[in-house]
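Okay, structure first, notes after.
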Amino acid sequence: MYWSITTMTTIGYGDISAHTLNERIFAMFAMVVGSAYFAWLAGTITGILSKGSAGTERFLGFLEEVRQYMDIKRFSNGVKKMVFVFYGLKFPTQLIFNDEEIMDSLPKGLKKRMQAETHMDIIEVIPLFS
């Protein structure tokens, strides 16, 4: 059993190896725990790297809804393509967030400050406000 676990975990046999029964049991336990930790760590890092932002996830879900809608209504491929091109161009400039929900959850003062900063580029070019 020691041989099979050592082989499966690719630890190898090296210069130092377990000789007594207690050493082999400890080594097998350490190899299994180490392999499980490595698998968990690799899975966690993969999950972090592969997950997009909340806005991206919401946008992809929205696109899937649009695709299903157009399939059910049997739109032509040309119309489908134009719709997806439109949303593909819109997404980088305007992420799909629920602006009202975010802004309504804020206190009045903070909401006003965020609105001012959101529109600051427009406010700065108007002579009345400069």
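A few comments on the model shown:
- By accessible area with a 1.4 Å probe, ligands and nucleic acids excluded, highest first: order of PHE26, PHE86, PHE62: PHE26, PHE86, PHE62
- Set of aspartates and glutamates with alpha-carbon distance to LYS112 below 16 Å, sequence-local pairs under 8 removed: ASP99, GLU100, GLU101, ASP104, ASP121
- Cross-link partners of LYS108 among lysines (Cα-Cα below 21 Å; sequence separation of 8 or more within a chain): none
The values are calculated or read from the model by the stated rules, or taken from the named source; none is laboratory data. Small disclaimer: the values here were computed from a predicted structure and weren't measured. These area figures cover heavy atoms from the full protein model, side chains too; ligands, DNA and RNA do not enter into them. Shrake-Rupley method; radii C 1.70, N 1.55, O 1.52, S 1.80 Å.
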